[in-house]
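Undergrad: What follows is a structure written as structure tokens; I'll ask about it next.
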Amino acid sequence: VSTTSAIVPSKRRCGTGPKPQPWPDEGAIPRFFLARLFMIQRIQTAFLLLVVVCTAALFSLQTPVSGLAATMWPWFTNAFYLMAAVVVLASGIGIAQFRDRPRQLRTVAFVSLATLALVVLFGVAFAVGGDFESGQTEVFTTTALAVAAFVFAMLARRAIARDIALVKSMDRLR
């Protein structure tokens, strides 16, 4: 058995031999995996991540699900959690669709409408509840998070529309 049969990477000729590994050592987490899954460099991805953070933070607050609206209407708590989950999942899907901007624009338009529905749910809960003295800070925090999620969804939608317009103008110049 010859010991010279192993191909040394420094002595490769004309593309023969084993291909080099995409990352330096086998124990390292491949950096390109996250870059292929999410395009973090674009501003709309940051806005959509902020939508996810703001909406996910609503799960930890108990104000809208423990008020008078939740006791009057048994479906209210389920609607709140369902709408928040839809916003989080649709935002994640919108982040993953960075390669197809028109589809991402439609997804983010749905996210902004679902977030607006979440804000309306908060408005109904607080209008029916009426007593804002107990838990004033939590009421403000909950409402502020929902409105912030809506604003971030609208900013993401605007950034995607701007990217689409930029690509169209570049196609026109060719």
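Undergrad: So, by mean Cβ neighbours within 10 angstrom, what's the order for 94-104, 51-61 with the highest one leading?
TA: Highest to lowest by the protection proxy: 51-61, 94-104.
Undergrad: Dividing the alpha-carbon Rg of segment 79-125 by 2.2 N^0.38 Å yields what?
TA: 1.21
Read-outs: derived from the displayed coordinates by stated rules, not from any lab. No experiment lies behind these values; they were computed from the predicted model shown. Don't worry about glycine lacking a Cβ; one is built from the backbone with ideal geometry, like all the others, and counts go over all protein chains shown.
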